[in-house]
1. Do we find that residue 7 is at pLDDT below 85, loosely packed, with under 10 Cβ neighbours inside 10 Å and more than 20 Å from the chain's Cα centre (by Cα) in this structure?
């Protein structure tokens, strides 16, 4: 009587419902350029009540 007679067969993953993309039909070209453009503005992070901004390679509180 073999102990390992059944082979491992994982469940198949379900198909995704919708594509995840900013460049879909309901966005205008200007909106896409704004979202994906090179001008990203200041990078800010907030941890609790503290906030810091990333400027010239350093974090400024």
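1. On the way: at pLDDT below 85: yes; loosely packed, with under 10 Cβ neighbours inside 10 Å: yes; more than 20 Å from the chain's Cα centre (by Cα): yes.
So residue 7 fits the description; yes.
Conditions tested, residue by residue: (1) under 23 Å from the mean Cα position of the chain (by Cα); (2) modelled with pLDDT of 85 or more.
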position: 3; (1), (2): no, no
position: 14; (1), (2): yes, yes
position: 17; (1), (2): yes, no
position: 36; (1), (2): yes, no
position: 41; (1), (2): yes, no
position: 49; (1), (2): no, yes
position: 53; (1), (2): yes, yes
position: 61; (1), (2): no, yes
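The values are calculated or read from the model by the stated rules, or taken from the named source; none is laboratory data. All figures in this text were calculated on a predicted structure; none of them were measured in a lab. A quick note on method: Cβ atoms are made from the backbone with ideal geometry, for glycine too, and the neighbour counts reach across all protein chains shown.
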